[in-house]
Amino acid sequence: MPKKKVKKIRGSRTCGGGSHKKRRGAGNRGGRGNAGVHKHKYIKFVKLAKEGLYEFGKHGFTRPFCIRKDYIAERRVKEALRALKREGKLDEYTYKFLYSRPELNVGDLDEIIDKLVELGLAEKKDNIYRIDLTQFGYSKLLGSGNVTKPIEVVIPSATERAISKIESAGGKVVVV
């Protein structure tokens, strides 16, 4: 079998492509990605469109931030925390800890409950911690993490997992 031309050319610097400057960038392949699919790469567009892999133009709608519920809830939490810090009720560590969490998990609450008792934002009676999370602006308690202390939480809503974890540790969730 005769030797292929490619094998002969491989040793040269440009493999038969002329000057080394000629094959630079995306210009030598007609643009990057799907560029030109309605012009010089039309066949590529037709093949992709038949398979349902390519749609041309803009699709969908992004809701404005001022309307989205997750954005509004996060803003409410941050405003409440800023107000508590301004009043001197939160120290720097607790403020940063809570500020970095737009949603609060039971594991986070278990981790910081002692610090909140020290600051006077939660109370401890008969080895049971009591806290009202609405003062921090939180509207929902999530179930990630472990609970080691009995905590009584007042919150507008909580997930089933969060409720079961708190109740298994000896606490309770009061949904307002």
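So if R0 is 41 Å, what FRET efficiency would VAL175 and PHE61 give, r being the distance between their Cβ atoms, rounded to the nearest 0.05? Once the sixth-power term is evaluated, E becomes 0.75. Based on the convex hull around the alpha carbon atoms, the range 8-125 presents an average projected area of 17.1 nm².
The calculated FRET efficiency for the pair THR159 and GLU74, based on their C-beta separation and a Förster distance of 22 Å, comes to about 0.80. What the phi angles of the range 11-24 give under the Karplus curve with 6.51, -1.76 and 1.60, with θ = phi - 60°, is a coupling list of x, 7, 5, 10, 6, x, x, x, 5, 5, 7, 6, 9, 8 Hz, glycine and proline written as x. Most tightly packed first, judged by the mean number of other beta-carbon atoms within 10 Å of their residues, the peptides 120-131, 23-34 read 120-131, 23-34. The alpha-carbon positions of the range 103-165 define a convex hull whose volume is 73 Å³ per residue.
For the range 45-62, backbone phi angles converted through the Karplus equation (6.51, -1.76, 1.60; θ = phi - 60°) give residue-by-residue couplings of 5, 4, 5, 5, 5, 5, 7, x, 9, 9, 10, 9, x, 7, 9, x, 8, 9 Hz, Gly and Pro being listed as x.
A straight chain from LYS89 to THR148 at 0.36 nm per residue would run longer than the Cα-Cα distance by 18.7 nm.
Looking at the chain, the DSSP beta bridges with both ends there are about 20 percent antiparallel. In this structure, the amide hydrogen of ASN105, modeled 1.01 Å from its nitrogen in the peptide plane, lies closer than 5 angstrom to those of LEU142, counting only residues at least 5 positions away or on a different chain.
Coupling constants for the range 132-147 follow from the phi torsions by the Karplus curve (6.51 cos²θ - 1.76 cosθ + 1.60, θ = phi - 60°), and in residue order they are 10, 7, 5, 5, 8, x, 6, 10, 8, 10, 9, x, 7, x, 10, 10 Hz; glycine and proline get x.
Residues whose amide H falls under 5 Å from that of LYS172, counting only those 5 or more places apart or on a different chain, are ILE151, GLU152, VAL153, with hydrogens built in the peptide plane. Calculated mean residue ellipticity at 222 nm for the chain: -11000 deg cm²/dmol, from DSSP H runs with n ≥ 4 weighted as -39500 (n - 2.57), summed, divided by the residue count and rounded to 500. Beyond 27 Å in Cα-Cα separation lie the following of the pairs LYS4/LYS50; LYS96/LYS140; LYS4/LYS47; LYS89/LYS124: LYS4/LYS50; LYS4/LYS47. Remark: the range 74-119 projects, on average over all directions, an area of 3.0 nm² (convex hull of Cα atoms).
Read-outs: derived from the displayed coordinates by stated rules, not from any lab. Keep in mind that what you see is a predicted model, and the values were worked out from it rather than measured. A quick note on method: Cβ atoms are made from the backbone with ideal geometry, for glycine too, and the neighbour counts reach across all protein chains shown.
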